[in-house]
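What follows is a single structure, written as structure tokens, with notes after it.
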Amino acid sequence: MEFFLITLLNSLSYGLLLFMLSSGLTLIFSMMGVLNFAHASFYMLGAYFAYQTGLVFGFWPALFLAPILVGIVGAITERYGLRKVHKFGHVAELLFTFGLAYVIEEIVHLIWGRAPVDYRIPDSLNFTLFTLFNTQYPAYRAFMMLVSVGMLASLFLVLTKTRIGMIVQASLTHPDMVQALGHNVPRVFMLVFAGGCALAGLAGVLGGNLFITEPSMAFAVGSIVFVVVVLGGMGSLVGAFIASLLIGAIQTFSVALDLSFLDLMGVLGVTIDPDSNWYGGLSITISQMAPVLPYLLMVLMLIVRPRGLMGTRES
Amino acid sequence: MREMLNTSRLLFWGGVALLFLLLPFVFSGGFSLSMLSQMGIMIIFALSYNMLLGQTGLLSFGHAVYFGLGAFVTAHAINFVEVGAFGLPISFMPLVGGMTGLVFSLILGFVTTRRPGTPFAMISLGIAEMVAASALMFTTFFGGEGGIVTNRTAGGVNWGVSYGPQIQVYFLIAAWCFVSMVLMFAITRTPLGRIANAVRDNPERAQFIGYNPTRVRWLMMSLAGFFAGIAGALSTINYEIITAEALGLMASGNVVLMAFIGGIGQFWGPMIGAVLVTLLQSALSNFTQAWLLYFGLLFLLIILFSPGGISNLIMIHLPAWRAGVVRRLMPSYGLAFLSGGIAFIGVVGVIELLYRQVAFGVPWIGSALMLLIGGFFLPRTTRAVRKVWEDLSPELARWS
């Protein structure tokens, strides 16, 4: 029970972090049809910017400054990169963001080096919030959840209740009509791209010190975010939300479970000779399989339901 | 058949074969020989990738999976040959790799090719991640961190070839590279190759004339997997070791870079890309730590300004060459290259100074100045180049 509750809480905070990443990606994708390959790189930039600005101003200003900086980088990327490539089609746009991911990683190498940087949880949040049975629950994880939920609620409100949100939503489906009504649609695109990147940056600020801030963090998270988006259905925010929580739970629980097929068979009364050829394969535990599980789930989903959980169309 | 074997084409392939034969005697050093071998492997790999991206319009981020799996199975096959459990001359081992690539791309392609475009790209990435993660899980097959080590001389001496000296391995690679190139070119001329182009350009219309786009994509992907497997097997024979890195994301990304830098619009584009990227990788990585950054920047520049890659740059100059007006382009090109060169030196200077953590001083000021001057003149000189092209366009219209 204790293990279950704590792992559930951890998976929830991780899932919300994933959703912060995948919501930005989904917004950008459904608006511009561009899959931003460098999305996780903006997550990484968020963590590094927070580290750097945190050295000067401390954690709390960095919490606001770093996402804004990442948003500015995103806006520049859209204005001077993506918009230029747009005329060459989606493949070129995708490849542009792919190349950008390379370049951002190398620039991070250049500035901050290849080793992880010492980006830490601030002292003001480094305490135990409550003790559940015998396990202490860190306040930072709760703070992370709070910020994620607050961020997502305000995103939802902005998208549905404000004038800007209305224009964004209208530009999603009828860009020509919105343009005809006198709105600057390219600028709306730039804003959405910058906003999505800023969300990724915020996720980086929150996740960077909980996990580890190093140059390879972008590629590690990036492919998981793609799995989330495919699972949830491309372009569906609700789908991305469900898939984020699902993947968060799968990853957190599977890492903690030290069971293998061998144990299962042991329960059923079957024993395998350690010398047998099958022993190696069957002794793999769930925690060893953890890195593969999200991808396996994705492949299964593609076979059973190619459009994803909440997707509306096949492609 | 007559169309397939016209004189100019025979001359071209004859020239390529001759080039492959003569190259190791021109560049006979140990380093250049191993580089040539690597280039041959990468040419097959990049061309097989272009069967997906260039011909069928499938942007795959997981092509190294078939390369890597082919390489691993070949490594085990060679080890079986060594203990006498399996009999196949080393010269034909690439077939093992090719069949492995074919089988796996048949299986995985069945799942992935249902959806083209962006979903395909993401799914191929996910599959690549899955295989790469499994590679660290199943250490008996993939050998864990150390990989699988083989011995390419395991087959003994067949027809006077032992594969001990590198030159023999080079000729093996060159032969397979030549055969694969001819086959892959031939595929572009078959009805399947043509329909793949149709599926790339307009799947709906391809469907209307009675072809199933999904099946065409699947077939093309399987064939691409076959050739990638051949490349993987050759890499195993060449290096006598294969690690899980070979099927990872970096390897997959690398082949995307090669194909795109060379140009996916022409059949021979990826060959240029493979040669150039291999050359840059081994040459640059000796000089600077930042070679991957230069690489990424080159890639971005090509996407931004010449999405057809280097081969497209060559192709747009052909009409000008035929019309005999290249000389009129030269002055503006000279100026553009000059300002571009100054900006380039400035960029390289700044990056290297940053990497080497040189304190602020004359080199910094010099690099920044070069960057500013080059950056100031570059847009102006490229505008002049565009102007000349526009002036020439009526004359060129008759030639293209």
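From the list B:ILE107, B:ILE78, pick out the single residue that is within 30 Å of B:ALA175 (Cβ to Cβ) and away from every other protein chain (no Cβ under 14 Å). Explain how you work it out, then say what you get.
Numbers: B:ILE107 fails: away from every other protein chain (no Cβ under 14 Å).
Exactly one residue qualifies, and that residue is B:ILE78.
Looking only at the stretch B:127-154, residues that are surrounded by fewer than 22 Cβ atoms within 10 Å (Cβ to Cβ), within 25 Å of the chain's Cα centre (by Cα) and within 9 Å of chain A (Cβ to nearest Cβ) come to 1 in all. When B:VAL65, B:VAL111, B:VAL81, B:VAL73 are screened for being among the aliphatic types (A, V, I, L, M), farther than 16 Å from B:MET51 by Cβ and modelled with pLDDT of 90 or more, only B:VAL73 passes. The single residue among A:ARG120, A:ARG114 that is in contact (Cβ under 8 Å) with a residue 60 or more places away in the chain, surrounded by 13 or more Cβ atoms within 10 Å (Cβ to Cβ) and part of a loop (DSSP other than H, G, I, E, B) turns out to be A:ARG120.
Can you say whether B:SER124 is within 14 Å of chain A (Cβ to nearest Cβ), within 22 Å of the chain's Cα centre (by Cα), crowded, with 23+ Cβ neighbours inside 10 Å and among the hydroxyl-bearing types (Ser, Thr, Tyr), as far as the supplied structure shows? Before the answer, list the steps.
Numbers: within 14 Å of chain A (Cβ to nearest Cβ): yes; within 22 Å of the chain's Cα centre (by Cα): yes; crowded, with 23+ Cβ neighbours inside 10 Å: yes; among the hydroxyl-bearing types (Ser, Thr, Tyr): yes.
When the stated conditions are applied, B:SER124 passes them.
Taking the stretch A:131-157 as the range and being surrounded by 15 or more Cβ atoms within 10 Å (Cβ to Cβ) and closer than 28 Å to A:ASN184 by Cβ as the test, the residues that pass are A:MET151, A:LEU152, A:LEU155.
Answer yes or no as to whether B:ALA206 is buried (at least 17 other Cβ atoms within 10 Å of the Cβ) and without any contact (Cβ under 8 Å) to a residue 12 or more places away in the chain. Against the criterion (buried (at least 17 other Cβ atoms within 10 Å of the Cβ) and without any contact (Cβ under 8 Å) to a residue 12 or more places away in the chain), B:ALA206 qualifies.
Among helices (runs of 4 or more DSSP H) entirely within the stretch B:268-329, having at least 3 residues that are more than 14 Å from chain A (Cβ to nearest Cβ) and buried (at least 17 other Cβ atoms within 10 Å of the Cβ) singles out B:269-287, B:309-323. Among the residues of the stretch B:238-267, which ones are over 25 Å from B:VAL131 (Cα atoms), away from chain A (no Cβ under 13 Å) and surrounded by fewer than 23 Cβ atoms within 10 Å (Cβ to Cβ)? Selection gives B:GLN266, B:PHE267. For A:LEU152, the conditions (1) over 30 Å from B:ALA259 (Cα atoms); (2) among the hydrophobic types (A, V, I, L, M, F, W, C); (3) modelled with pLDDT of 85 or more all hold with the exception of (3). Screening A:MET20 against (1) over 18 Å from the mean Cα position of the chain (by Cα); (2) of a type outside the set (Gly, Ala, Ser); (3) within 30 Å of B:SER60 (Cα to Cα) leaves a single unmet condition, (1).
Pairing each residue of the stretch B:69-97 that is under 18 Å from B:TYR163 (Cα atoms) with any residue that is charged (D, E, K, R) and at pLDDT below 90, provided the two are 6+ apart or on different chains, yields C-beta distances under 8 Å for B:ILE78/B:ARG152; B:ILE90/B:ARG152.
Here's the yes/no breakdown for (1) assigned to a helix (DSSP H, G or I); (2) hydrophobic (A, V, I, L, M, F, W, C); (3) farther than 29 Å from A:LEU300 by Cβ:
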residue	(1), (2), (3)
B:GLY62	no, no, no
B:ASN79	yes, no, yes
B:SER91	yes, no, yes
B:PRO94	yes, no, yes
B:THR140	yes, no, no
B:GLY144	no, no, no
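Within the option set B:SER8, B:SER28, being outside any helix (DSSP H, G or I), surrounded by fewer than 23 Cβ atoms within 10 Å (Cβ to Cβ) and free of Cβ contacts under 8 Å to residues at least 60 places away in the same chain holds for one residue only, B:SER28.
Within the stretch A:294-305, if we keep just the residues that are crowded, with 18+ Cβ neighbours inside 10 Å and either in contact with a strand residue (DSSP E or B) (Cβ under 9 Å, 6 or more places away or on another chain) or at the interface with chain B (Cβ under 9 Å from one of its Cβ atoms) (or both), the residue that is nearest to A:ALA256 (Cα to Cα) turns out to be A:PRO294.
The values are calculated or read from the model by the stated rules, or taken from the named source; none is laboratory data. Since this is a predicted model, take the numbers as computed values, not measurements. Neighbour counts run over all protein chains shown; Cβ positions are idealised from the backbone, glycine included.
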